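One structure is given below, encoded as structure tokens.
The values are calculated or read from the model by the stated rules, or taken from the named source; none is laboratory data. The shown structure was predicted, so the numbers you read here are calculated from the model rather than taken from an experiment. Counting neighbours? That spans all protein chains shown, and the Cβs are built from the backbone with ideal geometry, glycine included.
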């Protein structure tokens, strides 16, 4: 059984949601979770990559893993700042780092990847929410412009985490409600990705579930078209919903990620 080494234990955080890292010797991987999620999302993938020799760090982004009240006052720049700190800390020990992001974490990975340039070995963008479902996108656009949005009540998540297996959903340490002002800041992330994606020069793997109810599957094609790097690929998983790292096809997702990372390492060593 794998022992997850916590980066820093916070007594206020659910044990399952703690940040963790695993130390290998093949390369470095930073994993960034989604909005209202936690590092728990990446446990199976982190173990898989560690067993293949990679060092993996999974930070807990600001306001997550505690209570919705901790998340409510925070915005896109706060979550991006958390990711920057995690990357820069890892860069003290590794020359080049892969970034894997899920949902909001995928948007952060693209922006961070463009900022850190040659220090980034490649990016995996899972379930990237460039656009949400029509109702959510419209509602958050309206909320974002409200001067009193911080006073709005939280929105309850009626159906829980967007994953097809009810048992997986029940085990996840995810918030059951969503602070609307914080959620509306995801639109800042959408704009940042549209601005930065075309300037990425590193390899990018796009992964998306066909039945994603949070970020429709067409997001994969939208991101692919925004990218200009010739080393890009998109994969659609026919049975999966939004939370790809834990859903029914996660083993296939894991293999595709590892193949992508190994290919990038081999290309780098051969000078491609």
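A few remarks follow.
- The single condition among (1) under 22 Å from residue 14 (Cα atoms); (2) touching a residue at least 60 places away in the same chain (Cβ under 8 Å); (3) buried (at least 20 other Cβ atoms within 10 Å of the Cβ) that residue 57 does not meet is (2).
- Residue ID - modelled with the highest pLDDT, chosen from residues in region 134-158 that are surrounded by 14 or more Cβ atoms within 10 Å (Cβ to Cβ) and touching a strand residue (DSSP E or B) at 6+ places or on another chain (Cβ under 9 Å): 139
- All positions within region 69-87 that are outside any loop (DSSP other than H, G, I, E, B), surrounded by fewer than 16 Cβ atoms within 10 Å (Cβ to Cβ) and over 17 Å from the mean Cα position of the chain (by Cα): 69
- Near pairs, Cβ below 6 angstrom, 6+ apart or cross-chain, from region 33-53 (at positive phi and surrounded by fewer than 24 Cβ atoms within 10 Å (Cβ to Cβ)) to any residue that is at pLDDT 95 or above and in a helix (DSSP H, G or I): none
- Matching residues, region 217-242, being closer than 16 Å to residue 163 by Cβ and either touching a residue at least 24 places away in the same chain (Cβ under 8 Å) or crowded, with 22+ Cβ neighbours inside 10 Å (or both): 237, 238, 239, 240, 241, 242
- Meets criteria (within 22 Å of residue 223 (Cβ to Cβ), at pLDDT 95 or above, surrounded by fewer than 18 Cβ atoms within 10 Å (Cβ to Cβ) and touching a helix residue (DSSP H, G or I) at 6+ places or on another chain (Cβ under 8 Å)) for residue 131: yes
- One residue from 172, 126 being closer than 24 Å to residue 250 by Cβ, surrounded by 15 or more Cβ atoms within 10 Å (Cβ to Cβ) and modelled with pLDDT under 95: 172
- Hey, residue 66 surrounded by fewer than 23 Cβ atoms within 10 Å (Cβ to Cβ) and modelled with pLDDT of 95 or more or not: no
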